[in-house]
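The values are calculated or read from the model by the stated rules, or taken from the named source; none is laboratory data. Remember, predicted model here, so these are calculated numbers, not experimental data. Heads up, the Cβs are rebuilt from the backbone with ideal geometry, glycines too, and the neighbour counts pull from every protein chain shown. Just so you know, the surface numbers come from the protein's heavy atoms only, side chains and all, with ligands and any DNA or RNA stripped out. Shrake-Rupley method; radii C 1.70, N 1.55, O 1.52, S 1.80 Å.
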Amino acid sequence: MDAVNPRISQINSLAGVDPAAWNAVANPPGLPYDPFLSWEFLEAMERSGAATPRTGWRASHILVHEPGGQLRAAMPMWFKSHSRGEFVFDQSWAEAWERAGGAYYPKLLSAVPFTPVTGRRRLVAPGPDAEMYKAALLQGAFQVAMETDVSSLHINFIEEAEAAPLASAGLLIRTDQQFHWQNAGYGSFDDFLATLSSDKRKNLRKERLKAQEGLEFRHITGDEITEANLDQFFDFYMDTGNRKWGSPYLTRASFSLLRERMAKDLLFVFAYDGETAIAGAMNLIGSETLYGRYWGCTDPRPMLHFETCYYQAIDFAIARGLKTVEAGAQGGHKLARGYGPVLTRSAHWISHPGFRDAVADYLERERAAVDADFDYLKDRTPFRKDT
C-alpha cells in the first residue's frame with residue numbers, strides 16, 4: 001500500500017460524489033448488479049430525508065483515491081444514534097453497555113439503510129490491487145472509529161467470502177438466516193410446483209386460487225410507473241409501517257427519487273379489485289436477483305400477502321430468468337412456500353476488550369444455535385426428496 005500511497009478520506013454526503021465514479025466501484029463490470037449499492041439509491045436515501053442526522057443516520061462514507069485522483073474504492077458508512085432500520089439486532093448489547101455506565105451510541109455502521117440484503121460493503125472493482133484498496137477502506141473505517149471514540153463498528157449483511165478476512169482483522173462474525181427462492185431453470189410456475197411434494201403442491205395451488213379470487217395482479221415497472229402508482233403504494237407502505245414498526249423509514253420523496261433515477265430497477269405488483277388497488281408490493285431488480293422490499297394492503301384477504309409478495313415475485317423471476325428471489329428478513333412461513341433457508345453474516349468490532357470478550361462468547365453460542373436451526377430447516381423444505 002505504501003508504494004501506491006492511496007488517499008483515504010471521509011465524506012458526510014454522497015451529493016458531492018460523481019455518480020459515475022461511485023458506480024464504477026459499487027457495480028463494476030463482471031460483478032452482479034446490486035441496485036442498493038448504486039449512487040442513485042444511496043443518495044436518494046439521504047436527499048429524501050430517510051437517512052439523515054435527523055433520523056439517526058449521519059453519513060461518514062469512506063473513499064479511497066489513487067494518487068492521480070481516480071476513485072478506486074468506497075464504503076458506505078453512518079454514525080447511528082439508534083439501532084433501528086438495520087435488521088441485525090444489537091439492542092441488548094447497547095443496554096448492557098449503558099448499564100455498565102458507557103455510551104453505546106453513536107456507533108459506526110457500514111450497511112445499506114433499511115435493507116437486509118447481503119452484498120458488497122467494501123466497494124472495489126476487481127483487479128490486482130483490489131485487496132490493497134479493500135484494506136485501505138477498513139483502515140479508514142477504523143481510523144474514524146478511533147478518532148471519534150465510538151463504542152463499536154458494525155458491517156452488516158456481508159458476503160460469505162468477507163467473513164474470514166474481517167475476522168482476521170479483529171471483527172466478530174455473527175450469523176442469522178433468511179429464506180430465499182432459487183430458480184432451478186424453471187420455465188413456468190408449474191415447473192416449480194412439480195418439484196414440491198404432493199401435499200405442498202396442492203396447498204400452494206389452493207393458496208393461489210384463494211388469493212387470486214376476484215382480483216387482477218399487475219406488474220408495473222420502468223416507464224410504466226406513474227406518480228399515481230407511487231401515491232397508492234405509499235398509502236400501503238405507511239399503513240403497514242404504522243401498524244408494524246410505528247415509524248416508517250422512507251418518505252414520499254424517497255419513492256419519487258427512486259422512480260426518477262432507477263425506474264428500470266423497480267417492480268411494483270398491485271392487486272386490483274376492478275379498478276381499485278387493494279394491495280401492493282415493491283421490489284428492486286438486480287441482474288441476478290429480485291429483492292422484495294415493502295408491501296401493504298387496504299383489504300386483508302386470505303393469502304393475499306403470500307400471493308402479492310412471494311408467488312408473483314416467483315412468476316416475475318421466472319419470466320426474467322433471475323436466479324433468486326429475496327423476500328426480506330426472517331419469516332419461517334416462507335419455507336412451506338418454496339423459499340429455503342440461507343445464512344446471513346455481519347461483522348462487529350467492539351472497542352472495549354472486556355465487552356468484546358463477552359460478545360464473542362455470546363456469538364459463539366448464537367452461531368451454534370443458528371447452525372442447528374439451519375440444518376433442521378434444510379431437512380424440512382417442501383421439495384420432493386428425489387429433486
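Residues that are modelled with pLDDT of 95 or more, open to solvent by 90 Å² or more (accessible area, probe 1.4 Å) and among the basic types (K, R) within region 203-247 comprise R205, K206, K210, listed in sequence order. Run down L377, L343, L304 and say which single residue is touching a Pro at 6+ places or on another chain (Cβ under 6 Å) and not polar (S, T, N, Q). After applying the criteria, what remains is L377. Evaluating Y339 against the criteria (1) of a type in the set (S, T, Y); (2) open to solvent by 10 Å² or more (accessible area, probe 1.4 Å); (3) within 21 Å of the chain's Cα centre (by Cα) leaves one unmet condition, (2). Hey, any hits in region 217-232 for a residue that's of a type in the set (V, I, T) and without any contact (Cβ under 8 Å) to a residue 40 or more places away in the chain? Yes; the residues of region 217-232 include at least one that is of a type in the set (V, I, T) and without any contact (Cβ under 8 Å) to a residue 40 or more places away in the chain. A search for C-beta distances below 7 Å between a residue of region 370-387 that is closer than 19 Å to F192 by Cβ and any residue that is β-branched (V, I, T), counting only pairs 6+ apart in sequence or on different chains, returns F383/T195; R384/T195; T387/T195. Set side by side, the residues S168, S151, S197 differ, and just one is out of contact with any helix residue (DSSP H, G or I) (no Cβ under 8 Å at 6 or more places or on another chain) and surrounded by 14 or more Cβ atoms within 10 Å (Cβ to Cβ), which is S197. Does region 211-223 contain at least one residue that is out of contact with any Pro (no Cβ under 7 Å at 6 or more places or on another chain), under 23 Å from E43 (Cβ atoms) and not in a helix (DSSP H, G or I)? Within region 211-223, one or more residues are out of contact with any Pro (no Cβ under 7 Å at 6 or more places or on another chain), under 23 Å from E43 (Cβ atoms) and not in a helix (DSSP H, G or I). Considering the conditions (1) touching an Asp or Glu at 6+ places or on another chain (Cβ under 7 Å); (2) buried (at least 17 other Cβ atoms within 10 Å of the Cβ), I158 is excluded by exactly one of them, (1). When A281 is tested against the conditions (1) over 19 Å from H305 (Cα atoms); (2) at pLDDT 95 or above, the lone failure is (1).
If the condition is being touching a residue at least 60 places away in the same chain (Cβ under 8 Å), assigned to a loop (DSSP other than H, G, I, E, B) and within 18 Å of the chain's Cα centre (by Cα), then region 114-158 contributes F114, T115, P116, V117, T118, G119, R120. With respect to the conditions (1) in contact with a Pro (Cβ under 9 Å, 6 or more places away or on another chain); (2) among the small types (G, A, S); (3) within 30 Å of E366 (Cα to Cα); (4) touching a residue at least 40 places away in the same chain (Cβ under 8 Å), A26 falls short on a single one, namely (3). Restricting region 266-276 to residues that are open to solvent by 10 Å² or more (accessible area, probe 1.4 Å) and either in a helix (DSSP H, G or I) or in contact (Cβ under 8 Å) with a residue 24 or more places away in the chain (or both) leaves a set whose member that is farthest from A319 (Cα to Cα) is D273.
Residue check: L290 meets all listed conditions (1) open to solvent by 10 Å² or more (accessible area, probe 1.4 Å); (2) closer than 28 Å to H154 by Cβ but one, namely (1).
What is the number of the single condition among (1) aromatic (F, W, Y); (2) open to solvent by 70 Å² or more (accessible area, probe 1.4 Å); (3) in contact with a Pro (Cβ under 9 Å, 6 or more places away or on another chain) that F89 does not meet? Among (1) aromatic (F, W, Y); (2) open to solvent by 70 Å² or more (accessible area, probe 1.4 Å); (3) in contact with a Pro (Cβ under 9 Å, 6 or more places away or on another chain), the lone unmet condition for F89 is (3). Comparison of R99, R120 shows that the only residue that is among the charged types (D, E, K, R) and farther than 20 Å from I350 by Cβ is R120. Here A253 clears all of (1) under 21 Å from R84 (Cα atoms); (2) free of Cβ contacts under 8 Å to residues at least 60 places away in the same chain except the condition numbered (2).
Looking across region 64-113, the residues that are under 16 Å from the mean Cα position of the chain (by Cα) and of a type outside the set (A, V, I, L, M, F, W, C) come down to P76, S83, R84, G85, E86, S110, P113.
Does L31 satisfy the condition of being of a type outside the set (V, I, T), part of a loop (DSSP other than H, G, I, E, B) and farther than 26 Å from V150 by Cβ? So L31 fits the description; yes.
Within region 368-378, the set of residues being out of contact with any helix residue (DSSP H, G or I) (no Cβ under 7 Å at 6 or more places or on another chain) and within 22 Å of K334 (Cβ to Cβ) comprises A369, V370, D371, A372, D373, F374, D375, Y376, K378.
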